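One structure below.
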Amino acid sequence: MTPSNFELERDAFGRLVLIDAAGLRHEGVAPVRAFPIAAPEEGLSLVGTDGHELAWIDALANLPPPQRLLIDEALASREFVPDILRLKAVSTFSTPSIWTVETDRGQTEFVLKTEEDIRRLNRNTLLITSGEGVHFMVRDVTAMDKASKRLLERFL
């Protein structure tokens, strides 16, 4: 089903509803990115409550603005990947260690279980998974302050 073959709306409870070409209403639809880190704007599936795909969207840019807004809102409520702006402190240079970081959503602490929980996505981008399973992103290591880079280098 292409974006032109369905409609999206919210029901009275705020849930996303897909209306397919036959006029069937599918309530509680969830958008799921195929490649959330590598290509977040491409490849998105709209999945029903039973886990089956109801529609595929090649690129979010292909959606009409009202549909795009509904999907963006739904994704924002499901996805939580704060950007680490600065490393303030690390409890120890061995793992597990407690990291105190400043993110785009405020200051927080998390446990880094192992060095393998720091994944390099490309030359300057890192994905760090906390002991609680929360993903944090360092979008550009080179843009960080000297103290943050120095702390980070100990783990890379």
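Observations on the model:
- The chain, relative contact order [Cα under 8 Å, separation at least 6], %: 14 percent
- Prolate/oblate/rounded call for the stretch 54-123, Cα gyration tensor, a/c under 1.5 rounded: prolate
- Annotation: extensible slack from Val134 through Ala76 equals 19.4 nm (criterion: 0.36 nm per residue apart, minus Cα-Cα distance).
- Of the chymotrypsin sites (Phe, Trp or Tyr not before Pro) found in the stretch 58-107, those that fall in a DSSP loop while having at most 11 other beta-carbon atoms within 10 Å are Phe80, Phe93.
- With respect to the chain, whose longest principal axis is taken over its alpha-carbon atoms, helix 65-78 is tilted by about 50°.
- ³J(HN,Hα) computed for each position of the stretch 135-152 - Karplus, 6.51 cos²θ - 1.76 cosθ + 1.60, integer Hz, glycine/proline x: 8, 10, 10, 10, 6, 8, 4, 5, 8, 6, 5, 4, 4, 5, 4, 4, 5, 5
- Ignoring aspartates and glutamates fewer than eight residues from Lys88 along the same chain, the ones with Cα atoms less than 17 angstrom from its Cα are Glu102, Asp104, Glu109, Asp140, Asp145, Glu153.
- Shape category assigned to the stretch 84-153 from the gyration tensor of Cα positions, a/c cut at 1.5: rounded
- Note on His26, His135: ascending count of other Cβ atoms within 10 Å places them as His135, His26, the fewest first.
Every read-out reported here was derived from the displayed coordinates using simple, explicitly stated rules and does not represent laboratory data. Values in this document were obtained by computation on a predicted structure and should not be read as measured data. For neighbour counting, all protein chains shown are included, and Cβ atoms are generated from backbone atoms with ideal geometry for every residue, glycine included.
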